[in-house]
Amino acid sequence: MKKLVIIAIILISFILGVNEAAAEGEAKRYIGLHDKMLPIENIHVISGDTKVLLDEISKHLYITVTEEKGTIKLTKHGKEITLRIPAEQEASSSENPLIFNESGKLLISLKYLTNQFEFKLEYFPEYRTLRIYRDTYPHKSHVEYKEIIKEYVKQQQRTPVTKKPTVYLTFDDGPNQFTLINHATLEKYKVPATFFFLGNHMKQNESIVNTVSKSGHYIGSHSMTHDKTLVYNSTESFIAEMAGGAELVEQLTGKSSNLVRVPYGSKPLVTPGMQKSLIARGLKLWDWDVDSNDWRYTDKQAGQIVKNVQDGVTKAVKSGDKDIIILLHDRSQTTIALPRIIEWLQKEGYNFKTYEPDNHIIQNFLRDPLL
């Protein structure tokens, strides 16, 4: 009798393991809300649990996300859930359904999230689709909804699966003579980009600022001086440096500028007080997904810059990143590497964009969803 029980347990464990492995090996899952399908692609199945990007799913479910003192607070209709931000390598658990993906972005268990905010979740295995719904909100029956799923899946199958993510080429430390060379390369390849200019350099190169702006590239603030001591001396000096650059962009181009990149990256130099000052000013903050490390190399080593970008982009894609921000600088060695970088990205099928204020991509090392 004991042998039969043991065999039964082994068989059940094997079946569950196969089912779980099959779920994790699925090519793609889909997520719907009430009577529509959601354009969510970064979906992970980990140990049988479907996880999605927190900042993405929260927008669809109208859940407010705030971060403070090592925690994430989720709020909707007066209900508030507080979760601890996990360590980088920490696994998700029933106590903490959050986990970081390889790009450093937070994923959350869809089952946990919907349960906490009183949504229901229905899985249609034949279409690998999870439907989020509420009984109190008018919606079609599950039988009717299957027809919506069928049409959506057909449409997705007609769309080439080779569609690549969007890349954002960003250039720090201009404007200078190398800005003009990089700008000419971008114009040649018809590629948009985002520039983070220094205020003191803008004062000396107003014509370059206007040339870049009139070509349709976005210009953000990289501080006034790039002097670490001055920028990070206090919250007051920090906001004066960052907001001062943004105000100068608007003054010179007539276009508002609300995106900043702080010198040396936001972590660990930006304090909580500095974060709050950026938010209070309505400024957004971009760090990067791929660091070219171009400043480390000479003109003769430009090939290494190209390789760094290729390796970084490839890694970001494997992690599921759909919006990849690449850090470059307005320097001599970068002007040599840039044509090869663009040619490789175009050959691989990546899409290029400049920063779009109305479609802000959250990418900051502080993991602050408000920046």
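At-a-glance table
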quantity: Helical mean residue ellipticity (222 nm; -39500 (n - 2.57) per DSSP H run of 4+; nearest 500) of the chain; calculated: -12500 deg cm²/dmol
quantity: Lys, Arg +1 and Asp, Glu -1 on Cβ, resulting dipole of region 294-347 about Cα centre, debye, nearest 20; calculated: 180 debye
quantity: Region 100-140: Rg to Rh, with Rh as the Kirkwood radius over Cα pairs; calculated: 1.08
quantity: Dipole axis of the chain (+1 Lys, Arg; -1 Asp, Glu on Cβ), positive-most option in A193, F352, I132; calculated: I132
quantity: Beta bridge orientation in the chain: antiparallel %, DSSP, nearest 5; calculated: 50 percent
quantity: Helix axis angle, 302-318 relative to the chain longest principal axis, alpha carbon, degrees; calculated: 30 degrees
quantity: Ranked by how many other beta carbons lie within 10 Å on average, peptides 283-293, 184-194 from highest; calculated: 283-293, 184-194
quantity: Accessible area in square angstrom per residue, the chain, 1.4 angstrom probe; calculated: 51 Å²
quantity: Mean separation of Cα contacts under 8 Å, 6 or more apart, over the residue count of the chain: relative contact order %; calculated: 16 percent
quantity: Volume in Å³ per residue [convex hull over Cα atoms, computed for region 125-271]; calculated: 218 Å³
quantity: Positive dipole terminus of region 151-274, leading residue within I208, Q155, A240 (C-beta point charges); calculated: Q155
quantity: Interchain or long-range residues, amide H under 5 Å from G220's placed H; calculated: F195, F196, F197
quantity: Hz values of 3J(HN,Hα) by residue in region 325-331 - Karplus curve (6.51, -1.76, 1.60), Gly and Pro given as x; calculated: 9, 9, 8, 10, 9, 7, 9
quantity: The chain - charge dipole about Cα centre, Lys and Arg +1 at Cβ, Asp and Glu -1, debye rounded to 20; calculated: 820 debye
quantity: Sequence-distant residues sharing a close amide H with T129 (under 5 Å, placed H); calculated: Y30, F124
quantity: Unsatisfied cross-links (Cα-Cα over 23 Å) in the set K36/K76; K73/K146; K315/K353; K190/K315; K228/K255; K307/K347; calculated: K73/K146; K190/K315; K228/K255
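The values are calculated or read from the model by the stated rules, or taken from the named source; none is laboratory data. Because the structure is a prediction, the values reported are computed rather than measured. Neighbour counts run over all protein chains shown; Cβ positions are idealised from the backbone, glycine included. Heavy atoms of the whole protein, side chains included, go into the accessibility calculation; ligands, DNA and RNA do not. Shrake-Rupley method; radii C 1.70, N 1.55, O 1.52, S 1.80 Å.
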